1. Residues to consider are 115, 89; find the one that is assigned to a loop (DSSP other than H, G, I, E, B) and either assigned by TED's automatic domain parsing to the domain that holds residue 147 or over 30 Å from residue 235 (Cβ atoms) (or both).
2. Sort out which residues of region 190-223 are in the same structural domain as residue 96 (by TED's automatic domain parsing) and assigned to a loop (DSSP other than H, G, I, E, B), and write them in order of number.
3. Is it true that residue 40 is touching a helix residue (DSSP H, G or I) at 6+ places or on another chain (Cβ under 6 Å) and surrounded by fewer than 19 Cβ atoms within 10 Å (Cβ to Cβ)?
4. Those residues that are touching a strand residue (DSSP E or B) at 6+ places or on another chain (Cβ under 9 Å) and either more than 25 Å from residue 248 (Cα to Cα) or in a loop (DSSP other than H, G, I, E, B) (or both), I need them from region 99-112; list them, please.
5. Inside region 167-179, can you point out the residues that are assigned to a helix (DSSP H, G or I), touching a strand residue (DSSP E or B) at 6+ places or on another chain (Cβ under 9 Å) and surrounded by fewer than 19 Cβ atoms within 10 Å (Cβ to Cβ)?
6. Let me confirm something: among 7, 19, 25, which residue is modelled with pLDDT of 95 or more and assigned by TED's automatic domain parsing to the domain that holds residue 240?
7. Looking only at region 124-152, count how many residues are modelled with pLDDT under 90 and part of a strand (DSSP E or B).
8. So which residues in region 61-84 are without any contact (Cβ under 8 Å) to a residue 60 or more places away in the chain, surrounded by 19 or more Cβ atoms within 10 Å (Cβ to Cβ) and touching a helix residue (DSSP H, G or I) at 6+ places or on another chain (Cβ under 9 Å), if there are any at all?
């Protein structure tokens, strides 16, 4: 029986190297400033800094590299990397990934317009408006139903936030749905401030929030143990409680 127990420990060390002396986690993500981007040759950003700090609190280091999104997911699914960050949770991804209870960052989807505009919460009146969206993004079941039910006059899909903002500024579309933080980043960096407006909720002075989607660090089932994922989750939870999380996020918000 003791020999069997030793064998189990040995197998565990092979399959879960982060618990067997490895010094760093190999982490993948996509280019999505200000959440993840390259500056002066180094990968940085809100989600990157949050991840590095949480991993540091587990006594490891995080080596973060940017990949095309499908490749990033593939590498983690195949055990070529240990985790991918800023990913939504789904049954398909849970087949190869372990998800912490604690989310990494929330994506807040709002509407941007080519002119100052307010809309009711139920989006009444959009039948006369054209919409731009981004390939591969899911904006919540409620909004997705409105799109697939053809409530907008037309829907145009492009690859990037920048391209959608260009179309808005040129008044080729009326609305663009985008994650608030990255979209504001491009509005500021590309000088779209006079030509692009955030849509307000009718009767308020607040942005009309279409949906809020939590994103996570998803860990490879082939290289990382559930025990480590729980340690990471607890580290992230403590960061939110002690103010570190807010400090990291606010350090980027001050720039735009």
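The values are calculated or read from the model by the stated rules, or taken from the named source; none is laboratory data. Quantities reported herein were computed from a predicted structural model and do not represent experimental measurements. Cβ sites come from the backbone with ideal geometry, for glycine too, and all protein chains shown count toward neighbours.
1. Residue meeting the stated conditions: 115.
2. If the condition is that a residue be in the same structural domain as residue 96 (by TED's automatic domain parsing) and assigned to a loop (DSSP other than H, G, I, E, B), then 221, 222, 223 are the ones that fit.
3. No.
4. 99, 100, 102, 103, 104, 111, 112
5. 167
6. 25
7. Qualifying residue count, region 124-152: 1.
8. Listed by number, the residues that qualify are 62, 64, 73.
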